[in-house]
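To start, the structure under review is shown below, and the notes come after it.
The values are calculated or read from the model by the stated rules, or taken from the named source; none is laboratory data. Just so it is clear, the structure is predicted and the values come from calculations on it, not from any experiment. Heads up, the Cβs are rebuilt from the backbone with ideal geometry, glycines too, and the neighbour counts pull from every protein chain shown. All accessible areas refer to the heavy atoms of the entire protein, side chains included, with ligands and DNA or RNA removed. Shrake-Rupley method; radii C 1.70, N 1.55, O 1.52, S 1.80 Å.
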Amino acid sequence: MKINTRNLITAAVVGALYAVLTMVLAPISYGALQFRVSEVLCILPFFMPFTAWGLFVGCVVANLMSTAGVLDVVFGSLATLITCLCIAWCGKKGNTLKTRLLACFMPVVWNGLIVGATLTIALAGLNPLTHFGAFLVFAGEVALGELGVMYLIGLPLMTYLPKQRFFSEFVDKHS
């Protein structure tokens, strides 16, 4: 299997940007109620699927600072990977309003469920299955933050960026 160096470098830069943005904005990036601005980068696999892996690694690095500990490093990062792979799948279905809306919903669902369960265990010390109310609160808070980031910032960018020459040429070079 031949590795595309340009794509590998791009994925690494995207992952590094995710980690740096998350850590620089730490007060709003971690905890039960989070507005992780770096999550907006998860729109990139819609256009360039290979960036999903860079985002996963960037999330692992960022989650090393999480107060939820190793659980967030493992499960929070896996939530981002699943999210990004689903967003890449949406992108393969075409760039329509429907696919963009669906793509933006992926972080809401996956991070809401997985990170919500992770925070229920790590921060509250509760089993999400037996303390379903606590889980719903954590999941709802995470999902709400994702909803804000993805639909207030991500969706407009998904519409705007492909119309920009620099972006479309960049994506074309990486296809």
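Data for the structure
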| read-out | value |
| --- | --- |
| Under 5 Å, built H, 5+ apart or other chain: amide partners of Leu126 | Ile121 |
| The chain, helix-only ellipticity at 222 nm - DSSP H runs n ≥ 4, -39,500 (n - 2.57), divided by all residues, nearest 500 | -21000 deg cm²/dmol |
| In order through the range 88-104: 3J(HN,Hα) via Karplus (6.51 cos²θ - 1.76 cosθ + 1.60), integer Hz, x for Gly, Pro | 4, 4, 4, x, 5, 7, x, 8, 10, 4, 4, 6, 5, 4, 5, 4, 5 |
| Percent RCO, i.e. relative contact order, over the chain, from Cα pairs under 8 Å lying at least 6 residues apart | 23 |
| Ranked by how many other beta carbons lie within 10 Å on average, peptides 56-66, 78-88 from highest | 78-88, 56-66 |
| Residue-wise HN-Hα coupling along the range 131-141, computed from phi with Karplus coefficients 6.51, -1.76, 1.60 (Hz; x: Gly, Pro) | 10, 4, x, 5, 4, 4, 5, 4, 4, x, 5 |
| Candidate residues Tyr160, Tyr151, Tyr18, Tyr30: accessible-area rank, largest first, probe 1.4 Å | Tyr160, Tyr151, Tyr30, Tyr18 |
| The range 16-92: relative contact order in percent, alpha carbon pairs under 8 Å with at least 6 residues between | 34 |
| Phi to ³J(HN,Hα) by Karplus 6.51 cos²θ - 1.76 cosθ + 1.60 over the range 154-165, Hz, x for Gly, Pro | x, 4, x, 5, 5, 8, 6, 4, x, 7, 8, 4 |
| Neighbour count of at most 12 Cβ within 10 Å plus DSSP loop: longest trypsin sites (Lys or Arg not before Pro)-free window in the chain | 3-92 |
| Estimated distance in nm for a label pair at Leu147 and Val70, the labels positioned 7 Å out from Cα along Cα-to-Cβ | 3.5 |
